[in-house]
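> Structure provided below as structure tokens; questions to follow.
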Amino acid sequence: MTLDATDLSLTVDGVDHLKDVTASFQPGRLHTVIGRTLAGKSTLLRVLAGLQRVDSGSLTRHGADFLTTPVWRRDTAMVYQQFINYPHLTVFDNVAFPLKRAGVARDEIRRRVQESLARVGLTEFRRRRPSQLSGGQQQRVALARALVRGAGILLLDEPFANLDYKLREQLREEFKTLFSDQGDAVVIYTTTEPAEAMMLGDVVLVMHEGRIIQTGPPGEVYDRPATTTVARIINDPPMNIFTGRIAGGRIAVDDLQVTRVPAHLADLPDGTYQFGLRAPDIALASAGLQAEVTFVEISGSETFVHLALSGTGFVVQIDGVHDIALGDRVSMRLRPERLFAFDHSGALVRSPSSGPGSPEGR
Amino acid sequence: MSRLYATFKYTLISVWAGFVVGPFMWAVLTSFKDANGVQGGATYLPWVQYEPTLTGWQNIFGGAGGVDVVRPFLNSAVITLVASIISLALGALAAYGLSRYRFKIGFIANSDIIFFFVSQRIMPPVVLVVPFFFLLQWANLLDTIPGLVIVTVALLLPIAVWVMVDFFNGIPRQIDEMAMLDGCGPFGAFVRAILPNSVPGLTVAAMFCAVFGWNDFFFAFRLTFTEIQTLPQAVVALNSSIPPWWTLSAAALFGMSPLILLAVWVERYLSKGSLPGVIR
Amino acid sequence: MDGLRRHKSMFLLPGLLTLLLIIVFPLLFTIRVSFSGWNVSNPEMDFVGGANYVKVLQDSRFWAANLRLVLLAGGTVLIQYLIGFGLALLVWRNVRARRLWRVLFLVPMMTTPVVMAAVWQMIFHESLGPVNDMLAKLGIAPVHWFTEAGPALAALMTVEIWQWTPFMFLLMLAGLLSLPKEPFLAAAIDGAGAWRTFWKVTFPLMAPVSVSAIIIRLIEASKLSDTVYVLTSGGPGSATESPGYYLYLRGLKEQQTGYAGSLSLTYLVLMVITLTIVAALLARAFKVPRQSSKAKEQ
């Protein structure tokens, strides 16, 4: 019942859209694919749906070749980032469309469409056209249509990215409930938002420049990002990465001693490392390292302060709204127990959740 | 300033409207004249300058010594209708293929195929008429409606392709893709998901087909003789250097009437707003 | 879209093959016949080499007709563009009885050119037509519309402008109606006047539509022959002959099929070259970015 991709590659005009993508998608699980815009997420979904050819690699379903299966026989439903519905059909007929194509009996269609519309809360809008609905409602129609036929593969390409923040959170919540009924379907959900990927996914796949660079349960990916790139992608704001030296029980950036070496890094040999620290793990303090404020973002209940410390940029997340002016000099303190250590190539050496002496296995 | 501008604007509009309406007015006036009303020089006011008669109109509807325009009218209608439907069907299919798929035959790509279609419009009918004559003679279709339909398709198909390629390019591809994911084959996706959303484009294409089909003169002029006469032929046959202008005018007005109604229809389509409102 | 390669031909081929079937024979026939001496007294597909083409080069009447077409098509299309765009701007918005004007301005293109040419012939009639009658009321001597070269050309161009300005109007109005609103709002916020807004916003946005409208009209206008046939029969003398009408004279009236074939092909080659150059020049004049292939690639 799995959907297995092996070494899928696609190059267009010299740019790798997919590069040696290997992944096994399991039935009954929700896979979130996280990556920045143009990381290859949409391309991957289009290949899985049969809408895009590949240069090489293989794709199997239940162990049988799937690449040569035409789109309309792949038993695959898809929800696009743009609100795509059939403009000429009513909401009811939009949702009924795949069932009619599958030759489901009329009464059965009626029942299932009504059930589906009730689940997304659109019963009273069933006679409207998509163009008479709000963006959120249009996307619910698309969701209802994708869910109604119980397709074996359900692909969602940043389905809520075009919605405003509040609606996005709400639909994300609903989606979790909606999905709980999907049984044995392989569900793949792409997103650029770390919180979404972590919250929804049973399995998280991190994509970058056409490659899958890490796969694992959300907790594992979050706690042990395999590389600095993963660490940046799965954190919002991206994890602070800086180069420093361990020497004499201290960590120094350039000649500036920034903190002591915490317990979980204590057994690392002296040398140069890349360190990672999440934005909430840096605090502004009354005394400590002097840094210059380069930018301030206030988002709801949090303030993101961009700091420059001897040429290295940091982003600090602090609770509450703070009035900090550009160019101010402030003191910051790192929480050493939260430090990640990566080697010069960017591979994870030690994370806060691994105890001392337990090297990171891959 | 704005008052001056308004005056200026409505003056321009009125002047052009007068220029547009003038020939029709003259045809209407003339259609109610007889020899007395025409031969003394230009006259404008019925009852004052000339005595209106219905001779012209009687002549075209089977009055004694008149001409038959009803049969040519029906011929024109059938030829235009059938040729337009064929052109729209073939043209929409081809345009959809060209809009959605990539063709590569040697160095020939999509844009070249589109150019091939559209370039047929460069060909003056006169160039085609002689070979068409032999073609239809060989197929035993000279002086028949099917023969004229075939050559008219050559005129209309390029128009249909031209209009529809642009139109289909404006419909999001995701709609076709979704239809296929929902279980339609490529043809099913076209018929069930795209065609129903293509009414505005098909309307415009149909309008152009109607105009160019109905108004064709040269093909009918040279490829039909006694059996089939189209309306433009029938009217031109009346155009001798001097009267019966009243019959000519009546026939001209009668022959133009269906397409003038088309103008009203086209305007409605324009005012309703085109594609963006439909697709969103 | 993979797995669809087998299907894509199904869309294109019916139309493409139909057109090829209809068009290929006439083209091949014309090419072949242009190397023959086929005429009314000798209807044979013999072979006379390039004799017809040599004759074409020396046929000053043909070349004069081509030059005249530059005026007839180029001149009228330019005027149609200016008037059509102007009218579209006038009835685009903020005008009373908008729909009435729009319908009126569309009507002439719906009429049959040969039929209207017959009506115009009555109107321009030198002794019985209203034009000369009104000129006389203004104290102007009657104009010999069909017996003097200048007036005959003017009459022909008037008819062309009357008939086809609506086509330009339609394309330009459709273009205006599909323009985005934001640039106009921005211009209004910037306090740009009507004149500035037109040159900075409307005109650049309409440039692509303008170029394609002009090219379409040039293609259609270059075929001018029906109207000439009815209105002036090319006269007086050959003063209003268009290439299309001249082809008709040689090929159909005099039935010099072979010679007309070589005239046709020469004309077609000339047209394709001229239109290609004109299209490139127009795109540059209107500062339209070079169009890439419209078919989206997958």
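Please treat every number below as a calculation from the coordinates, not as lab data. Keep in mind the model is a prediction, meaning the values are calculated, not measured. Ideal geometry is used to build each Cβ from the backbone, glycine not excepted, and the neighbour counts take in all protein chains shown.
> Can you pull the mean other chain C-beta count within 10 Å for peptide C:129-136? Walk me through the numbers before you get to the answer.
On the way: counts 3, 10, 3, 2, 4, 2, 0, 2.
That average works out to 3.
> My understanding is that a pair violates if its Cα-Cα distance is over 32 Å; which of A:Lys41/A:Lys100; A:Lys100/A:Lys176; B:Lys104/C:Lys181; A:Lys19/A:Lys176; A:Lys100/B:Lys104 do that in this structure?
Listed pairs above 32 Å: B:Lys104/C:Lys181; A:Lys100/B:Lys104.
> Please compute, for peptide B:12-25, the average count of beta-carbon atoms on other protein chains lying within 10 Å of each residue's beta-carbon. Please report the intermediate quantities before stating the final value.
Numbers: counts 4, 11, 1, 0, 10, 5, 1, 6, 10, 3, 4, 11, 6, 1.
That average works out to 5.
> Using a ≥ b ≥ c from the Cα gyration tensor of chain B (square roots of the eigenvalues), is it rounded, prolate or oblate, where a/c under 1.5 gives rounded and otherwise the larger of a/b and b/c decides, a/b for prolate?
oblate
> Kirkwood Rh over Cα pairs of segment C:59-255 into Stokes-Einstein at 25 °C, 0.890 mPa s: D in µm²/s?
131 µm²/s
> Counting alpha carbon pairs within less than 8 Å and at least 6 residues apart, what relative contact order, in whole percent, applies to chain C?
With pairs under 8 Å counted, the relative contact order is 28 percent.
> Which ordering of A:Tyr165, B:Tyr269, B:Tyr50, B:Tyr96 is given by a fewest-first count of other beta-carbon atoms within 10 Å?
A:Tyr165, B:Tyr269, B:Tyr50, B:Tyr96
> Could you go through segment A:319-327 in sequence order and give the Karplus-derived ³J(HN,Hα) for each residue, using 6.51 cos²θ - 1.76 cosθ + 1.60 with θ = phi - 60°, rounded to whole Hz, and x for Gly and Pro?
In residue order, the calculated couplings are 6, x, 9, 10, 9, 10, 8, 4, x Hz.
> Please get the size of the charge dipole for chain B, origin at its Cα centre, with Cβ charges of +1 on Lys and Arg and -1 on Asp and Glu, quoted in debye to the nearest 20.
740 debye
> Which of the helices in chain C meet the span-like rule: DSSP H, Cα axial reach of 27 Å or more, Kyte-Doolittle mean at least -0.5? Before the final figure, lay out the partial values.
Numbers: long enough: C:5-33 (40 Å, 1.38); C:149-177 (41 Å, 1.43); C:257-285 (40 Å, 1.61).
For chain C, where a helix must reach 27 Å along its axis and average at least -0.5, the hits are C:5-33, C:149-177, C:257-285.
> On to the next question. Which whole-Hz couplings ³J(HN,Hα) result when phi for each residue of segment A:119-134 is put into the Karplus expression 6.51 cos²θ - 1.76 cosθ + 1.60, θ = phi - 60°, listed in order with x for Gly and Pro?
Karplus-based 3J(HN,Hα) across segment A:119-134 equals 5, 9, x, 10, 3, 6, 9, 5, 8, 7, 9, x, 5, 8, 10, 6 Hz.
> Once you charge only the Cβ atoms, +1 for Lys and Arg and -1 for Asp and Glu, what is the size of the charge dipole of the protein assembly as shown about its Cα centre, to the nearest 20 debye?
1100 debye
> Within 10 Å of each residue's Cβ, count the other Cβ atoms and sort B:Ser111, C:Ser222, C:Ser34, A:Ser299 from fewest upward.
Listed from fewest to most nearby Cβ atoms, that is A:Ser299, B:Ser111, C:Ser34, C:Ser222.
> Name the residue farthest towards the positive end of the dipole of the protein assembly as shown from the options B:Leu88, B:Asn110, B:Ala234, assuming +1 on Cβ of Lys and Arg, -1 on Cβ of Asp and Glu, about the Cα centre.
The listed residue farthest towards the positive side: B:Ala234.
> Something else: So, by mean Cβ neighbours within 10 angstrom, what's the order for A:172-178, C:15-21 with the highest one leading? List each step's numbers first, then the result.
Numbers: A:172-178: 15.3, C:15-21: 18.4.
Descending packing order for the listed peptides: C:15-21, A:172-178.
> Let me ask something additional. Taking 2.2 N^0.38 Å as the expected size of a compact globular protein, what ratio does the Cα radius of gyration of chain A give against it, to two decimals?
1.15
> Ignoring everything except DSSP H segments at least 4 long, calculate the 222 nm mean residue ellipticity for chain B; use -39,500 (n - 2.57) per segment, divide by total residues, nearest 500. Let's see the in-between values first.
Values: 14 runs with 196 residues, N = 280.
Computed mean residue ellipticity for chain B: -22500 deg cm²/dmol.
> Further question: Using helices alone, I'd like the mean residue ellipticity at 222 nm for chain C: each DSSP H run of four-plus residues gives -39500 (n - 2.57), total over residue count, nearest 500. List each step's numbers first, then the result.
On the way: 14 runs with 195 residues, N = 298.
Helix contribution divided over all residues of chain C: -21000 deg cm²/dmol.
> So, one more: Please name which of A:Val296, A:Phe242, A:Leu307 has its Cα lying farthest along the dipole of segment A:240-350 towards the positive end, using unit charges on Cβ (Lys, Arg +1; Asp, Glu -1) and the Cα centre as origin.
Of the listed residues, the answer is A:Phe242.
> Also: Can you give the relative contact order of chain A as a percent, counting alpha carbon pairs under 8 Å and 6+ residues apart?
16 percent
> Here is a follow-up. Which helices of chain B meet both criteria: a Cα extent of 27 Å or more along the helical axis and a mean Kyte-Doolittle score no lower than 0.5, with helices taken as whole DSSP H segments? All intermediate terms of the calculation are to be shown ahead of the outcome.
Values: long enough: B:2-31 (43 Å, 0.96); B:70-100 (44 Å, 1.37); B:145-169 (34 Å, 2.11); B:245-272 (40 Å, 0.95).
Once both thresholds are applied, what remains is B:2-31, B:70-100, B:145-169, B:245-272.
> Work from the charge dipole of the protein assembly as shown (Cβ charges, +1 for Lys and Arg, -1 for Asp and Glu, about the Cα centre) and give the residue of C:Leu19, A:Ile213, B:Thr247 farthest towards its positive end.
B:Thr247
> Another one. What lysines sit close enough to C:Lys223 to cross-link, taking a C-alpha to C-alpha distance under 18 Å and skipping anything fewer than 8 places away on the same chain?
Partners within reach: C:Lys253.
> For a test of the definition: using alpha carbon positions, the gyration tensor, and the 1.5 limit on a/c, classify the protein assembly as shown as rounded, prolate or oblate.
prolate
> What are the ³J(HN,Hα) values, in whole Hz, obtained from phi via the Karplus relation 6.51 cos²θ - 1.76 cosθ + 1.60 with θ = phi - 60°, for each residue of segment A:44-57 in sequence order, with x given for Gly and Pro?
Rounded to whole hertz, the list is 4, 4, 5, 5, 4, 7, x, 8, 9, 7, 10, 7, 7, x.
> Cβ neighbours within 10 Å, averaged per peptide: list C:186-192, C:118-124, A:249-255, B:37-43 in order, most packed at the top.
Highest-to-lowest ranking by the protection proxy: C:118-124, B:37-43, A:249-255, C:186-192.
> Is segment B:134-280 rounded, prolate or oblate when judged by the Cα gyration tensor, a ≥ b ≥ c being the square roots of its eigenvalues, rounded requiring a/c under 1.5 and prolate requiring a/b larger than b/c?
oblate
> What's the average, rounded to a whole number, of partner chain beta-carbon atoms within 10 Å of each residue's beta-carbon in C:97-104?
What the average comes to for C:97-104 is 5.
> Where the only charges are on Cβ atoms (+1 Lys, Arg; -1 Asp, Glu), what is the dipole of chain C about its Cα centre, to the nearest 20 debye? Can you show the working numbers first?
On the way: 25 positive and 15 negative charges, 263 e Å.
Magnitude of the dipole: close to 1260 debye.
> Grab the DSSP H runs of chain A that are 4 residues or longer, score each as -39,500 (n - 2.57), total them, divide by all residues and round the 222 nm result to the nearest 500 deg cm²/dmol.
Roughly -6500 deg cm²/dmol at 222 nm, from the helical runs in chain A.
> Under the rule of at least 5 residues apart or a separate chain, name every residue whose amide H is placed under 5 Å from the amide H of B:Lys33.
The answer is B:Thr53.
> Please compute the contact order of segment B:2-60 in relative form: average sequence separation of alpha-carbon pairs under 8 Å and at least six residues apart, divided by the residue count, as a percent.
Contact order relative to length: 29 percent.
> State log₁₀ I(q)/I(0) for segment C:164-298 at q = 0.10, 0.12, 0.21, 0.22 Å⁻¹ as given by the Debye formula over alpha-carbon point scatterers of equal weight, solvent excluded.
-0.53, -0.69, -1.24, -1.29
> Moving to a separate point now. For segment A:240-350, with equal point scatterers placed on the C-alpha atoms only and solvent neglected, what are the log10 I(q)/I(0) values from the Debye formula at q = 0.11, 0.12, 0.15, 0.23 1/Å, to two decimals?
The computed values of log10 I(q)/I(0) come out as -0.35, -0.41, -0.63, -1.27.
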